[in-house]
Amino acid sequence: MPAKKVQDETEVERWIDEGKTYAWIVEQYKQKYKIETSIPMWSAWRRRKQKKRRVTRDTDLIPWKVAPEHTLAYPLVMLRAEARKRAGEELVGRAGSKLESWKKMLEETGQVVYYDRDTEDGFFYVPREDSDADLIRRPTEGLRPQSED
């Protein structure tokens, strides 16, 4: 039987509760315990321990199936932060001030976020239209399934 990789469950729970990334935990385990772990291993561990999801889902703010090459785009990062804020989560570090500055920019320029998965950049700022009710231009196709968790 293989040796147990998780050396201190209380420590890992604290790290997850503090919002440490799985990549950070992988690196910590490598340095501290000389044990190779993986991001999927920590994700599965979190699920087994019934810890809260790491990512807040908001299909109203992020209704698209986002291409992998666009997942770190600044507009998407800001939409995720807004989703966390709307879900009542605390924004850590400078995330709150960055979000407010970004939303102010959208308001002052009269723009919303538009996403086109089939382009190199993916995300664009486009002029707000009367039909735009939130921070985004609501798509008519390429939507993420509502049941996706």
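The values are calculated or read from the model by the stated rules, or taken from the named source; none is laboratory data. Here the structure is a predicted model, which means the values were calculated and not measured. Every residue, glycine among them, receives a Cβ derived from its backbone with ideal geometry; neighbour counts consider all protein chains shown. SASA here: full protein model, heavy atoms, side chains in, ligands and nucleic acids out. Shrake-Rupley method; radii C 1.70, N 1.55, O 1.52, S 1.80 Å.
So the values come out like this:
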read-out	value
Accessible area of segment 14-63 belonging to carbon and sulfur atoms, whole % at 1.4 Å probe	49 percent
Full-stretch length increase - M41, T21 - with 0.36 nm per residue and alpha-carbon distance subtracted	5.9 nm
Angle between the chain longest axis and helix 39-48 axis [Cα atoms, degrees, rounded to 10]	80 degrees
Choice from P40, P63, P139 with maximal GNM fluctuation in the chain (Cα, 10 Å cutoff)	P40
Spherically averaged projected area in nm², based on the convex hull that wraps the Cα atoms of the chain	11.4 nm²
Residues with amide H under 5 Å from that of V112, placed H, sequence gap 5 or more	V126, R128
Two-site label geometry, K30 and D116: point separation in nm, points 7 Å out along Cα→Cβ	3.9 nm
For I62, residues with placed amide H under 5 Å, excluding near neighbours	none
Contour excess over end-to-end distance, with Cα ends at K51 and D130 and 0.36 nm allotted per residue	24.3 nm
The chain: most fluctuating residue of D132, D58, D118 per GNM, C-alpha cutoff 10 Å	D118
Cα-based helix-to-principal-axis angle, 74-86 vs the chain, degrees rounded to 10	80 degrees
R0 of 35 Å, Cβ-Cβ distance E9-K98: FRET efficiency to nearest 0.05	0.55
